[in-house]
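Just so it is clear, none of the values below were taken in a lab; they were calculated from the coordinates. A quick note: this is a predicted structure, and the numbers were derived from the prediction, not measured. Quick reminder, even Gly has a Cβ in these numbers, built from the backbone with ideal geometry, and neighbours come from all protein chains shown.
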Amino acid sequence: MRKYAKVVSQEPVGAGVFLLRLEAPAVAAATSPGTFVMLRVSGGPEPLLARPFSVHGAEGDHLLILYQVVGRGTEMLSRVEPGRELACWGPLGNGFNLDCQRPLLVAGGMGVAPLWFAARAMAERGAEVSVLFGLAGAGGYSELLAVLQDQAEAGKISLSFTTEDGSLGEKGLVTHLMPQALERADRVLACGPPAMLKAVASLAAEAEVACQVSLEAPMACGVGACLGCVVPAVPGGGYLRVCQEGPVLGAARVDWERL
Amino acid sequence: MGTKVKTAVKVGSLELANPVLAASGTFGYGREFAKYLDLNRLGGVVTKGLSLEPRDGNPPPRIVETAAGMLNAIGLANVGAEVFLEEKLPFLAALDCKVVVNLYAEGIDQFAGLAERLRGAEGIDALEINVSCPNVKGGGVAFGVDPISVAAVTRAVRENSDLPVWVKLTPNVTDPVPIALAAQKAGAEALSLINTIMGMAIDARRRTPRLANVMGGLSGPAIKPVGLRMVHLVSRAVDIPVVGLGGIMTGEDAAEYLLAGATAVQVGTASFGDPSSCQRVADELAQFCAQEGVADVNELVGALKT
Ligand SMILES: Cc1cc2nc3c(=O)[nH]c(=O)nc-3n(C[C@H](O)[C@H](O)[C@H](O)COP(=O)(O)OP(=O)(O)OC[C@H]3O[C@@H](n4cnc5c(N)ncnc54)[C@H](O)[C@@H]3O)c2cc1C
Ligand SMILES: Cc1cc2nc3c(=O)[nH]c(=O)nc-3n(C[C@H](O)[C@H](O)[C@H](O)COP(=O)(O)O)c2cc1C
Ligand code: FES
């Protein structure tokens, strides 16, 4: 019962950013936005552990993964040729609650990977979806941004950008756009760096809008067994396993001070 | 495979369908892996270290990958005896494979209390004492480094249980043999070794430890040579069976442990990189035997030529 996925294609869509298409019928059929898979890039002991990746989309038998090269595992993954089989198991964890009318999705960097899957799924169901996408700078991301803009237009998703260097959209942090956007929103879904998520959670709480965040943590098993992936829960709640109780968690369950 | 290899082994009074068990702390309570392998095809499952009361464990980060291995400082987070008995054990009890419960406590009395709490519970086949934990009354030094403490803990658990008692030894000692002999004398039916090797990882740019706990236990292929040596040393010194572990990734790794003197093996960290590892190792071990003309895995036990 070893689980594999076959690499169908892999395209660079930005500086060190790749769109990986895997043939994984069972995972593709069972996934929902916010869930993730474990992908093992090597067959040997280096690196030893699999890497967690959010599902970016599912099309028929295919699973899409959008990822950025940040270390040796992702670097190795970026060199994998079509036809190769990778150990892959999932979908894992709990996804986003998509049941709302005017969701506000706040993405930081690669946090766009799971959120875009959610945005398209919700738009298809007729929700009025707004996405705020924050990047350090737009330089190097032109292909990815063009694809997202095309899909946003086709899918009637409102997409706004912020960049810290001002190269695209409003200059500054993505949270700067939130207060106004929150006025219409009935739920916030967010994924990005911890500092961003903390700020998003706090703005959503002030505006009394329900907020779900997708968190990251180093993982060994991905299936709830090793207890390595925990984040602190609000006092009295101990710890939450990102792979099991998460990766999508109600922002109110997380102890942001200790995160 | 033409010939059918005999895979059953006896660890003390416990008969296993094959020599491969899942190691404590790397396999949860078994159910987590049910989708990825056939649990009934394993020799056994050793559950996550259990304490009387639930434990939250250490703050994160708790794990970090290292060269051919990983460090963990989970802090023995677990659900506690009550939830274990009510929610985790029934699933395990229904399996064909043997269920070994790994025990953790911070004092002799607590170990005795834990064994007593588990007494009579249906579905437990053996207890494995984790002596790598700090002895709170003994000043926080791990029980496992002191033969007298190991003997006392072993006796306390034996006296409060009708189950076979295995003692899991730590490699963080100069010589494991006196400790192994002490456990044997106190009534251990088997010895499991090795637990993780204490280690550390540092982020040089931030000048910080990579684990919140600063130190952690090293596991994975990196530690296999250490495990093999300790199994070799201990199995020659004691008369009770040894269960070998540390860095087993393949059936051939398992065969190496049997040759070194182990009667059975446990697969730990390998389950993280491939959740079907335990079953795969069992299958590969049988294939290895078939290829090598070994009709019964027991022929490998201690068969190292030196
Ligand atoms: C639920 C989840 C979903 C994710 N989804 C995506 C995604 O869609 N796209 C994407 O680009 N990245 C995603 N990540 C982050 C991705 O897993 C890491 O970038 C990747 O593990 C880095 O591996 P590496 O070997 O290249 O880096 P290294 O730094 O060499 O990795 C060393 C170790 O640290 C771990 N690690 C490093 N960075 C992270 C991180 N940010 N989160 C968790 N563990 C980390 C690795 O898994 C590995 O065990 C996700 C993480 C989680 C937990
Ligand atoms: C994440 C993790 C948690 C562990 N938890 C326990 C535990 O609760 N009790 C115990 O006796 N050993 C525990 N161990 C040790 C393993 O059972 C095993 O002895 C060790 O990892 C060496 O084997 P390996 O290299 O195959 O993993 C743990 C190991 C890891 C990696
Ligand atoms: S990654 Fe192992 S418990 Fe979450």
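Before moving on, here are some points about what is shown:
- Ellipticity estimate at 222 nm from DSSP helix runs (n ≥ 4, -39,500 (n - 2.57)) divided over chain B, nearest 500: -8000 deg cm²/dmol
- Per residue, the average separation of C-alpha pairs within less than 8 Å and at least 6 apart gives region B:157-306 a relative contact order of 19 percent.
- Reduced Cα scattering model of the protein assembly as shown, Debye log10 I(q)/I(0), q = 0.06, 0.11 Å⁻¹: -0.33, -0.98
- The modelled label-to-label distance between B:ALA204 and A:SER142, using points 7 Å beyond Cα along the C-beta direction, is 3.8 nm.
- Tensor-based shape of region A:217-259 (alpha-carbon gyration tensor, a/c under 1.5 rounded, otherwise prolate or oblate): prolate
- The value of relative contact order for chain A, using C-alpha pairs under 8 Å at least six residues apart, is 17 percent.
- Cα gyration tensor, chain B - rounded (a/c under 1.5), prolate or oblate: rounded
- Shape of region A:103-214 from the C-alpha gyration tensor: oblate (a/c of 1.5 or more and a/b not above b/c, with a ≥ b ≥ c the square roots of its eigenvalues).
- HN-Hα J in Hz across region A:155-171 - Karplus 6.51, -1.76, 1.60, θ = phi - 60°, x for Gly and Pro: x, 6, 9, 7, 10, 10, 10, 10, 10, 5, 9, x, 6, 8, x, 6, 7
- Partner lysines for A:LYS198 [C-alpha distance under 26 Å; skip if fewer than 8 residues away on the same chain]: A:LYS171
- Contact order normalised by residue count of region A:103-214, Cα under 8 Å, 6+ apart, percent: 31
- Placed amide H near B:ALA142: partners under 5 Å, 5+ positions off or other chain: B:ASN135
- Pairs with C-alpha atoms separated by more than 31 Å, drawn from the list B:LYS6/B:LYS35; B:LYS88/B:LYS168; A:LYS6/B:LYS168, are A:LYS6/B:LYS168.
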